[in-house]
Amino acid sequence: MKFFIDTANLDQIKEAEALGVLDGVTTNPSLMAKEGITGHDNILKHYIDICEAVEGDVSAEVISTDLEGMIREGEALAALHPQIVVKIPMIEDGVKALKYFADQGIKTNCTLVFSVGQALLAAKAGATYVSPFIGRLDDVSTDGLDLIEDIRLIYDNYGFETQILAASVRHTMHVINCAKIGADVMTGPLSSIKGLLNHPLTDIGLAKFLADFKKGN
Ligand code: E4P
């Protein structure tokens, strides 16, 4: 299972990378704005900074909603750095753009996916990644993990190569349950990755080992 971090915060990206378990980064316009990264040139520069801070795929989202605009923007984003994956929304022209980029050999991440039907279309169009937003489904009293399970079943039925990127992950149990189901990738905040470290028995056990060592020395 690949671990992506879902942020545009360079310090957090570097902290996750330093842990040695990071496989990539996802961003979106809201995450960029949260870091105060605004303006076309600043945003493009920030994508390059992120690519230089990590090994692995870095999703960069288009803002256009028409096919021509998505192609223009996506090609410019892909030309920025070899690690860039063009993030395309699940809308009608988005499906066409996914197919266009697949034919060009440009990696894509189909975002804002909330149903199996949408995930099936993304796979048919040749998306590299499909991003079902599990946290946002949970927010509206719908189990996001059920969606991951259904997509896994359908993709396995037909051998689709599109990778299931569980997105909108909020906490460690999302990560663990996605791993049980067989999501290919999860993207979440730093806390959802570092939280996997924690167990009180580890802390208690370590304190006891160190105390016992001191007794004998
Ligand atoms: C991922 O690609 C999405 O941008 C992200 O996971 C959305 O997460 P949120 O629902 O916590 O905003």
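The values are calculated or read from the model by the stated rules, or taken from the named source; none is laboratory data. Quick caveat, the model's predicted, so the values are computed rather than measured. So basically every Cβ, Gly included, is an ideal-geometry build from the backbone, and we count neighbours across all protein chains shown. We work out accessible area using only protein heavy atoms, side chains counted, and drop any ligands, DNA or RNA first. Shrake-Rupley method; radii C 1.70, N 1.55, O 1.52, S 1.80 Å.
Of K214, K180, K208, K194, which residue is in contact (Cβ under 8 Å) with a residue 60 or more places away in the chain, open to solvent by 50 Å² or more (accessible area, probe 1.4 Å), in a helix (DSSP H, G or I) and not small (G, A, S)? So that I can check it myself, show each step before the final result.
Working: K214 fails: in contact (Cβ under 8 Å) with a residue 60 or more places away in the chain; K180 fails: in contact (Cβ under 8 Å) with a residue 60 or more places away in the chain; K208 fails: in contact (Cβ under 8 Å) with a residue 60 or more places away in the chain.
None of the other options fit; the residue is K194.
Identify, from the list G126, G117, G74, G94, the residue that is without any contact (Cβ under 8 Å) to a residue 12 or more places away in the chain and over 17 Å from the mean Cα position of the chain (by Cα).
Working: G126 fails: without any contact (Cβ under 8 Å) to a residue 12 or more places away in the chain; G74 fails: without any contact (Cβ under 8 Å) to a residue 12 or more places away in the chain; G94 fails: without any contact (Cβ under 8 Å) to a residue 12 or more places away in the chain.
Of G126, G117, G74, G94, the one residue that is without any contact (Cβ under 8 Å) to a residue 12 or more places away in the chain and over 17 Å from the mean Cα position of the chain (by Cα) is G117.
Criterion applied to G56, G20, G69, G94 was being on the phi > 0 side of the Ramachandran plot and open to solvent by less than 30 Å² (accessible area, probe 1.4 Å), and the one residue passing it is G56.
Considering I63, I5, which residue is in contact with a Gly (Cβ under 9 Å, 6 or more places away or on another chain), part of a loop (DSSP other than H, G, I, E, B), of a type outside the set (D, E, K, R) and within 14 Å of the ligand (Cβ to nearest atom)?
Numbers: I5 fails: part of a loop (DSSP other than H, G, I, E, B).
Exactly one residue qualifies, and that residue is I63.
The residues of the range 129-177 that are open to solvent by 50 Å² or more (accessible area, probe 1.4 Å), within 10 Å of the ligand (Cβ to nearest atom) and over 19 Å from I88 (Cα atoms), listed by number, are D138, D139, R170.
Going by the structure shown, is A102 in a helix (DSSP H, G or I), open to solvent by 30 Å² or more (accessible area, probe 1.4 Å), touching a strand residue (DSSP E or B) at 6+ places or on another chain (Cβ under 9 Å) and under 18 Å from V58 (Cα atoms)?
Working: in a helix (DSSP H, G or I): yes; open to solvent by 30 Å² or more (accessible area, probe 1.4 Å): yes; touching a strand residue (DSSP E or B) at 6+ places or on another chain (Cβ under 9 Å): yes; under 18 Å from V58 (Cα atoms): yes.
So A102 passes the test.
Listed conditions (1) within 17 Å of the chain's Cα centre (by Cα); (2) open to solvent by 40 Å² or more (accessible area, probe 1.4 Å) are all met by G39, apart from (1). A Cβ distance below 6 Å, combined with a sequence gap of six or more or placement on separate chains, defines the contacts here; from the range 156-169, residues that are at negative phi reach residues that are more than 16 Å from the ligand (Cβ to nearest atom) in the pairs F160/A123; T162/A123.
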